[in-house]
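Chemist: I'd like to ask some things about the structure below.
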Amino acid sequence: MASSSAGIVTGLVTAALVTIGVLAHQASVNAPADLGPARATAGPAPGAVKAPRDRRHPDALPAGSGTGERVVYSVDDDRVWLVGPGNKVRRTFEVTPSTVDPVPGAYTVTSRSNRVTGSDGVPVEHVVRFTSAQGVAVGFSAAVDGSTAKPDPDRRTGGIRESRADGDAMWEFATIGRPVVVVR
């Protein structure tokens, strides 16, 4: 009787392992190749204080937004800066924020997608993701139709929308591992 029970248990364990293997394979085949974990490389800025601004030049790079080549995103000003070597701003532009804001802090680009459908159902291109917040991926993207309409406030979305030209610039600049600094 004992050997019969052992055979049944062995059969059930084998069936379970085969099922898990099949499901894991299906998940890996259907997941985007460039999808990586969204994580902060450093904690949020202490107290999440608004970075100082040059009031005479509202599009000037915020003081205290880091050093080196990076993307800087101000959640309060709805503006992005692409910062190149020597702390020189290569490009700055306004964006349409998502309904979910990332926490101020230092991140890195974790994944990119050339063309997908956004969480709001809009076809987007040049998606550059750098974190997640409130259960949604957060990143920059441009609507394929060029629209930058404000998102439905009743839907949680993480797509920070930019024009197609700005999306092209972001795509070229913000490769995997590029620092992204979020400020107030």
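The values are calculated or read from the model by the stated rules, or taken from the named source; none is laboratory data. Remember, predicted model here, so these are calculated numbers, not experimental data. FYI the Cβ positions are ideal-geometry reconstructions off the backbone, even for glycines, and counts take in every protein chain you see. All accessible areas refer to the heavy atoms of the entire protein, side chains included, with ligands and DNA or RNA removed. Shrake-Rupley method; radii C 1.70, N 1.55, O 1.52, S 1.80 Å.
Chemist: What number do you get for the stretch 46-161 when its Cα radius of gyration is normalised by 2.2 N^0.38 Å, N = residues?
Modeler: On the way: Rg = 14.2 Å, N = 116, 2.2 N^0.38 = 13.4 Å.
It is 1.06.
Chemist: Suppose the chain between residue 76 and residue 89 were pulled fully straight at 0.36 nm per residue; how much longer would it get relative to their current alpha carbon spacing? Don't skip to the end; give the middle numbers.
Modeler: Values: separation 13, 0.36 × 13 = 4.68 nm, distance 1.90 nm.
Residue separation times 0.36 nm, minus the Cα-Cα distance, leaves 2.8 nm.
Chemist: Could you do me a favour and compute the accessible area per residue for the stretch 108-184, 1.4 Å probe, result in Å²?
Modeler: Numbers: 3390 Å² over 77 residues.
Value for the stretch 108-184: 44 Å² per residue.
Chemist: Applying a 10 Å radius around every beta-carbon, put 142-148, 168-174, 128-134 in order of their mean neighbour count, most first.
Modeler: Details: 142-148: 15.3, 168-174: 19.0, 128-134: 20.9.
For the peptides 142-148, 168-174, 128-134, the packing ranking is 128-134, 168-174, 142-148.
Chemist: 7 Å from Cα along Cα→Cβ at both residue 164 and residue 184: what's the point-to-point distance in nm?
Modeler: A separation of 3.8 nm, rounded to one decimal place.
Chemist: Please name which of 133, 111, 146 has its Cα lying farthest along the dipole of the stretch 87-146 towards the positive end, using unit charges on Cβ (Lys, Arg +1; Asp, Glu -1) and the Cα centre as origin.
Modeler: Working it through, the farthest residue towards the positive pole turns out to be 111.
Chemist: If one computes P(r) from the Cα atoms of the stretch 135-184, what percent of pairs lie at distances over 17 Å? The partial results should precede the final answer.
Modeler: Numbers: 530 of 1225 pairs.
In whole percent, the long-distance tail amounts to 43.
Chemist: Considering only protein heavy atoms and a 1.4 Å probe, what is the carbon-and-sulfur percentage of the accessible area of the stretch 59-150?
Modeler: Values: 1730 of 3780 Å².
Ligands and nucleic acids excluded, carbon and sulfur reach 46 percent.
Chemist: Still on this structure: How do 114-120, 75-81, 157-163, 85-91 rank on mean C-beta neighbours within 10 Å, highest first? Can you show the working numbers first?
Modeler: Details: 114-120: 14.1, 75-81: 17.9, 157-163: 23.7, 85-91: 11.4.
Those peptides, ordered most packed to least, come out 157-163, 75-81, 114-120, 85-91.
Chemist: In Å, what is the Rg of the alpha-carbon atoms in the stretch 67-123, and how long is Dmax?
Modeler: Both quantities, over Cα of the stretch 67-123: 13.1, 39 Å.
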